[in-house]
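These notes are about the structure you will find just below.
The values are calculated or read from the model by the stated rules, or taken from the named source; none is laboratory data. Just so we're clear, the structure is a prediction, and the values are computed from it rather than from any experiment. In this analysis, Cβ positions are derived from the backbone assuming ideal geometry, glycine residues included, and neighbour counts consider all displayed protein chains.
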Amino acid sequence: MKMNAVLLGALGLCLLFVSTPWMISCGMEGDIIGGTTAWPLSGTKWWNKVDLDQETDGAQPFIFLSGEGEEFLEPSFLKAYGSFWVFFERREYEIDENGKRTPVSSEILMGRSSDAFTWELFNDGRPVLEAGLAWEDGFVGAPTVLATEGGFTMWYAGGIGEGIGVAMSDNATDWTKVSSEPVVVGDQHWEGGHVGAPSVVYHNHLFRMYYSGGLTDQTPFAQFAGYLIGYADSSDGMSWIKRDTERNSSAAGEDVNFIFAPSQEWEGINTEEGITGAVASPGILITHPADRDVVLMYYSGNFAGDPAAHNMSVGIAGSYDYNDFVKGDYETNPALNEKFVLALDGIAKYLAYSEYTPSVIQLEWNQYIMLYAQSDPLSELTGGLQGIALATCHMFD
Amino acid sequence: MMRFRIYLLVILVLMPAAAFATPYDTFSVGPRAIAMGNAYGAVGGDSAACFHNIATLTNAGAFQIELDYHRADIDIRFNDRRTDIDPDKGVRIGVVLGKTFLNRRFRFGASIYTPDSHFMRFVLPPRTAPIVMRYNNINHMQASIVGFAGQVFPWWSIGFGATFTSDHLGGVDFAIGEDTAAQGDLKSRLGSATTPVAGTYFEPLEWLSLGATFREEHQQMMHLPNKIGMNDLKVFQDNGLIIFQDGRLVLDVYSNTHFSPRQYQGAIAIKPSDRMLFSADLTFYEYSNMGNSMAYSIAIMEGDFGEVFPCVPPLDVPDPGMEDTWGLALGTEWGAFKTDHVRVDLRAGYNYRPTPLPNQTGVSNVIDSNMHIMAAGLGLTLGSLTEVLRKPFSLDVFYQHHYLEPRMVHKSDPTNEIGDYKFTGSVGNLGAGMTLRF
């Protein structure tokens, strides 16, 4: 009797489990997916603006807002000596009765942060570097700063495409220009005498500079920053040798070409209408995710078309050899390209924000932070904000 | 307002499917079989035969019940950083029932594995997300194998059965609006996926056994038909300025989330003495049949959706390029101690499974590498314990270690969102079970 009970019980248990595929209903409690925490992330995708002012409608990613008649742009973002630093250009404009803006001067400001998200404008908002040399013609901007030998070294653009100069500082606030002349000028055919917006990295005992250049009459931004990107390297940061993907070298007296040009629609290229588009203001980040270096270039693409006249976005390209870059595909580019949705019958479906002049650091192995310039599209609704903004790249919140 | 409709076929940001459809493929089944390195196709004698070679069910007793539990802790690392892949743990119930007619044994067998937390799980992370095909998601799957075996002659058995796994169908249909609460429903239905298994088993000599097994390809498709409607969205309630006109998104998501290749297996077991057993299995995995298993969706966008979020052309879906592989399993069992009432067996085994996966240089990141499985175990069999358990009662424990060879993944595109990485992995699988014979 006892044995029969055991057998029946066991048999019942077996039948219960045999029938489970058909018996069970959905809704069993499951756990989280798991397996995501160590996913590598290269820093090319999953960029999102960070809303730093959640009390105001819309994403407000600004760390510094510019005032009327001025523009903040071309940030250089670095982590050094236990702090986060940003050096950026303040460009001043004259605005005529028709609303046309004409740049009249520029200078370099500096901000500092302990966590990369809350920032303080240093030096009470006074510039840390001003134009003074003849070749600068009242304009210094587009800084790129490295922490070097107990201090800082800055390469900056002077004039409107006149050249690239160098300054050094022990404390990031007091800067000394170490050359009365630019260390890089637009002496190659493609540059048309116009270079600017450098990004310098020091890697494998070599300074590597990516800069934009080329003379164009396209959008105001392109007239200032150029529309193509070139490359130069240097052992001391002062004497630069330009090189291109064909291994031409300025040291050998060869005509060196640009390394990076507009080719994607969002960069404004329109071959039918003869519009070249623009890529400019590169921000370089070298990563080493596994066993080789990856050079990432974040850059401004200038799309000058409907629905907004001023529509720039941030794009991404990468290279394994420092100067032969592959652009991200349409899934990746543009990486920052926010639209303000607005259904106006027969006119527009959206207005575009402008995101431009990016600079990126790798905060953690799976987190990247970008500082960039942003201007809002519709002043009536948004207050017409412009300034230095913040975005992050990470796969999951 | 012009209304338009855009038909879009995209391979959305969903991932390639994982490879193994059932936990049996990854961890094997049965404490004795696992401890013998999965070299069990010519051994059998318990419900684990349902997987290894269903014809060897004829080696089992007329009625036995097995209950075992395992826990596998999975240490997978990308660039030396450990992921948080869930441990795989669950209970397996096995049963063998049978009768002898005309001096021939006939057996019904069932082996049912049920994970601790859920009966099944589908994971649809981003398309490019790194997924370790043997361990992510797949093993969290209720799976059963049932079948019959019978002796044609005392030296020749055949068996047939089927693998069952849970499957899911369903989706959401709801509308959202600024002024009204979201309305809708979720339809979810549980189904099953079924594929056949078959085997044959020979005992040409008293000390020699031969087996052959066929396991059909097993694949599961998840289909989620989602419909999301949205009313006009206004920027300010007072002026009624509409920023989104009403629209609708129909998103049909399909994903081949689980795949197990067709397998042909040959096995041999040699028993030189009553206390010694050697076994070997050679398995051909037909991975080349594995088509592109990337999840994809068909999206129909109506209203302002399509204009504000412009459609993109279909994503390039690379062929995974899976290759057929051969796996080798070797096992041994030694009766270390034996009396009339007690027997202690020591077991050990090794299983090599080369990866079918080519280098992942493109957008997908299905991850795998050559795998070495080392196992050991101990079996304690007690005879005639009680009035009820007059037949031998067994307790078995095992430890199985998976070692995945380090593999470097280099991306051809430097803008790949995942980038280069080094993949390493090991898994410790500990379990125990008991067998009741009646």
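Looking only at segment A:168-201, which residues are buried (at least 21 other Cβ atoms within 10 Å of the Cβ) and more than 20 Å from the chain's Cα centre (by Cα)? A:A172, A:W175, A:P182, A:V184, A:G186, A:Q188, A:E191, A:H194 - these are the residues of segment A:168-201 that are buried (at least 21 other Cβ atoms within 10 Å of the Cβ) and more than 20 Å from the chain's Cα centre (by Cα).
Considering each residue of segment B:310-344, count those that are of a type in the set (D, E, K, R) and either at pLDDT below 90 or over 29 Å from the mean Cα position of the chain (by Cα) (or both), and give that number. Break it down stepwise before answering.
Keep residues of segment B:310-344 that are of a type in the set (D, E, K, R), which gives B:316, B:319, B:323-324, B:333, B:338, B:340, B:343.
Remaining after also requiring either at pLDDT below 90 or over 29 Å from the mean Cα position of the chain (by Cα) (or both): B:316, B:319, B:338, B:340, B:343.
Number of matching residues: 5.
For segment B:328-353, the set of residues classified as surrounded by 17 or more Cβ atoms within 10 Å (Cβ to Cβ) and under 29 Å from A:W39 (Cα atoms) consists of B:N351, B:R353, listed by residue number. Determine whether segment A:211-220 contains at least one residue that is touching a residue at least 24 places away in the same chain (Cβ under 8 Å) and out of contact with any strand residue (DSSP E or B) (no Cβ under 8 Å at 6 or more places or on another chain). Yes, segment A:211-220 has at least one match.
In segment B:204-231, the qualifying residues are those that are among the small types (G, A, S) and at pLDDT 95 or above, and the one that is farthest from B:D281 (Cα to Cα) is B:S209. Condition check for B:Y135 on (1) in a strand (DSSP E or B); (2) at pLDDT 70 or above: one failure, at (1).
Scanning segment A:317-332 for residues that are at the interface with another protein chain (Cβ under 8 Å from one of its Cβ atoms), farther than 15 Å from A:T287 by Cα and in a loop (DSSP other than H, G, I, E, B) returns A:G328, A:D329, A:Y330, A:E331, A:T332. Note on segment A:235-249: residues that are on the phi < 0 side of the Ramachandran plot, crowded, with 18+ Cβ neighbours inside 10 Å and not hydrophobic (A, V, I, L, M, F, W, C) amount to 3.
Just one of the listed residues (A:A131, A:A157, A:A116, A:A147) is buried (at least 17 other Cβ atoms within 10 Å of the Cβ), part of a strand (DSSP E or B) and small (G, A, S), namely A:A157.
If we scan segment A:36-44, do we find a residue that is modelled with pLDDT of 90 or more and part of a strand (DSSP E or B)?
First, pick out the residues of segment A:36-44 that are modelled with pLDDT of 90 or more: A:42-44.
Then keep just the ones that are part of a strand (DSSP E or B); that gives none.
No, segment A:36-44 has no match at all.
The conditions of being over 31 Å from the mean Cα position of the chain (by Cα), charged (D, E, K, R) and at pLDDT 70 or above are not met by B:K234. For segment A:244-288, a residue qualifies if it is over 23 Å from the mean Cα position of the chain (by Cα), in contact (Cβ under 8 Å) with a residue 40 or more places away in the chain and in a strand (DSSP E or B), and exactly one does: A:I275.
Restricting attention to segment A:216-243, the residues being over 22 Å from the mean Cα position of the chain (by Cα) and of a type in the set (A, V, I, L, M, F, W, C) number 3. Taking the criterion of being within 8 Å of chain A (Cβ to nearest Cβ), on the phi > 0 side of the Ramachandran plot and either buried (at least 19 other Cβ atoms within 10 Å of the Cβ) or in a loop (DSSP other than H, G, I, E, B) (or both), would at least one residue in segment B:402-417 satisfy it? Scanning segment B:402-417, I find no residue that is within 8 Å of chain A (Cβ to nearest Cβ), on the phi > 0 side of the Ramachandran plot and either buried (at least 19 other Cβ atoms within 10 Å of the Cβ) or in a loop (DSSP other than H, G, I, E, B) (or both), so the answer is no. Just wondering, is there one or more residues in segment B:111-130 that are buried (at least 20 other Cβ atoms within 10 Å of the Cβ), at pLDDT 80 or above, farther than 26 Å from B:E66 by Cβ and within 11 Å of chain A (Cβ to nearest Cβ)? Yes: one or more hits. Residues in segment A:236-255 that are among the aliphatic types (A, V, I, L, M) and farther than 24 Å from A:M154 by Cα: A:A252 only.
Considering (1) in contact (Cβ under 8 Å) with a residue 40 or more places away in the chain; (2) under 29 Å from A:G151 (Cα atoms), the lone condition that A:R101 does not fulfil carries the number (2).
If you go through segment A:39-69 and pick out every residue that is away from chain B (no Cβ under 14 Å), of a type in the set (G, A, S) and within 30 Å of B:G419 (Cα to Cα), you end up with 1. Take the residues of segment A:71-101 that are among the aromatic types (F, W, Y) and surrounded by fewer than 24 Cβ atoms within 10 Å (Cβ to Cβ): which is nearest to A:G159 (Cα to Cα)? Only one residue fits best here, namely A:Y93.
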